[in-house]
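Data first, discussion second: the structure below is written as structure tokens.
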């Protein structure tokens, strides 16, 4: 018989609807039941694509004996961390405080019902003792005994934890001059931890830290740029990338980017897509450009909902096995390809070496570059690429016959906004990304139709239902995406929407006393802690994206409210920027834009050849934000109000609060000497 999770919109929660565990969703009624029955709460947080969440579910939550124990001793609450990132952030921090190590998923927390504070914390627990961990049943019984037999000790610990959570991250804002010292320190620390052979950070596991690569590419430093390029090249060539279907996996378990955990997350690909588009263009690198194209193709083919918007993730598992959908047997590939194609694939992707996945299968990753394959086979490199281009669709078609990984079909505002913004930037740099533009325009329309209700933004849309008042990330990422889309194509609705979101950030999220933005709105559900996140995690810092977007909007509109809020955010974040600069790359990008404002160029020209010439002239620098506005648009604020001049166009360029006189022809703009680059 199904439990209460059967009616939920989250695919992750519905995965547990037939568990014998008497699960509750996160709700006041669950905590009231625990208080009434004198039980502690067992809180389990995970997400649909999480491999170890599935392992713990199969071992314990589907087991009748374990479920009886859970039901007898606890009120059990299951949370999807993607729907409730506010809950997840609080209890990840609490886990770090209690366990003295980082958390992760599944997150397993034991709470007192009245104050919702955890008194014991863990992540995955096995059904039987192994990996140096006790059996989950032992944990359940031992934690309940402590709760019942030593309540004074438990309450004292809770009081100390409460004080820690309340004061976490709160420092006096920086009152002196802001400068680039944290940026230099971050680049230095990234260089110290750089893996010169494999790119990224030294050691394993290996995550694609997009913010770090973005900071290195923006630094204007040759060494930092070289490190970013190595990282992008290694990730694209090796096992983090799906060479058959496109896109990138969440992370690799080893130090060489060879074997991933096979879940594919929308947010990773949203951040990597514009980096590969930028790097492919800046370095004139066909391999990096191909990675961007493949990522765009995967997003539009497999992650785009029929009615618009992008789904959240693909599972790591298929038919109960991690990676089963993606890995190969060597003979199966040999049977699919002709001899010439197989000779290329064998050498390029390591089929001439022992199996690299659990001793019995091959996960395709480049072990020999195309140039070396060409030399080995005594053919030219163009032929190598042609044979792979012929082999790849055969492999893809065969893989499509397999049982596909599970799909999390939630449409999340923050993740969609992250993709829309990243795609808009990629599309400004490249014209070879298929029909990506059409898909991101539809996604933005879906957010406006389904997740923007009467001036209020919501976080999740699934099964026809819109839920959860939006968080900081939703507002900040969407504001940033709208500003990027306005440069791709003008839409007055999106400008007005951006202004409304910026005003909401200031009115409902900003800490006006200390600066910065809370993760939850002022009227949100109270939790044991109210996060104000500075550091980048799997998603970029909401404070960092908010500060960057407010700086852009403030300069564009000439509105000092937004500029002042961005500065207050940077001042509030300063102690963390000094202590952990390499963990705050998004905020450092905002700091760089505060210290060295980018260029805004407004074009007012009619459609046709005239507008194309203007746009090509003003778009010659990747650091300039260019807005082409129809000459018929009226009543615009700030520098957007520049009007078309006679029968020609007009260009109006500003950096920060410094603007040049308008020019009235593309040639005059080229000759004006305006420094588009920083």
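Rule-based calculations on the coordinates, nothing more; no lab input. As the structure is a computational prediction, the values presented were derived from the model and not from experiment. Here the Cβ is made from the backbone with ideal geometry for all residues, glycine too, and neighbour counts use every protein chain on show.
Assorted remarks:
- With distances taken between every two different alpha-carbon atoms, segment 54-107 has a Kirkwood hydrodynamic radius of 12.7 Å.
- Cα extents of segment 4-167 along the three principal axes, largest first (Å): 37, 34, 31
- Global size of segment 527-568: 12.3, 39 Å for Rg and Dmax (C-alpha atoms, Rg to one decimal, Dmax whole).
- Exposure proxy order (Cβ contacts within 10 Å, fewest to most) of 252, 654: 654, 252
- Stokes-Einstein D (µm²/s) once Rh is taken as the Kirkwood radius of segment 160-210 over alpha-carbon pairs, at 25 °C in 0.890 mPa s: 169 µm²/s
- Length-normalised contact order of the chain in % [C-alpha pairs under 8 Å, at least 6 apart]: 11 percent
- Label-point separation in nm, residue 579 to residue 659, each point 7 Å along Cα→Cβ: 4.2 nm
- Counted over all Cα-Cα pairs of segment 339-454, pairs farther apart than 17 Å make up 71 percent.
- Shape call, segment 1-41: gyration tensor on alpha carbons, a/c limit 1.5: prolate
- Along its first, second and third principal axes, ordered by size, the chain spans 82, 69, 47 Å in Cα coordinates.
- Mean projection of the Cα convex hull over all viewing directions, computed for segment 9-84: 4.7 nm².
- Kirkwood hydrodynamic radius of segment 326-401, from the reciprocal of the average inverse Cα-Cα distance over all distinct pairs: 12.5 Å.
- Extension gain for residue 223 to residue 133 (0.36 nm times residue separation, less C-alpha to C-alpha distance): 28.1 nm.
- Mean residue ellipticity (222 nm) of the chain, computed from DSSP H runs ≥ 4 via -39,500 (n - 2.57), nearest 500: -14500 deg cm²/dmol
- On the principal axes of its alpha-carbon atoms, segment 457-610 has extents of 58, 44, 27 Å, going from largest to smallest.
- Whether segment 115-179 is rounded, prolate or oblate, judged on the alpha carbon gyration tensor where a/c under 1.5 counts as rounded: oblate
- Altogether, the Stokes-Einstein calculation at 20 °C and 1.002 mPa s, with the Kirkwood radius of segment 234-379 over Cα pairs as Rh, returns a diffusion coefficient of 133 µm²/s.
- The label point for residue 465 and the one for residue 62, both projected 7 Å from the Cα toward the Cβ, are 2.5 nm apart.
- Approximate spin-label separation residue 184-residue 145, in nm, with each point projected 7 Å along Cα-to-Cβ: 5.8 nm
- Within segment 20-149, DSSP assigns beta bridges of which about 55% are antiparallel (rounded to the nearest 5).
- Remark: segment 419-515 projects, on average over all directions, an area of 7.0 nm² (convex hull of Cα atoms).
- Judged by the gyration tensor of its Cα atoms, with axes a ≥ b ≥ c, segment 207-261 is prolate; a/c meets the 1.5 cut and a/b is the larger of a/b and b/c.
- Across all directions, the average projected area of the convex hull around the alpha carbons of segment 268-317 is 4.0 nm².
- Within the chain, DSSP assigns beta bridges of which about 75% are antiparallel (rounded to the nearest 5).
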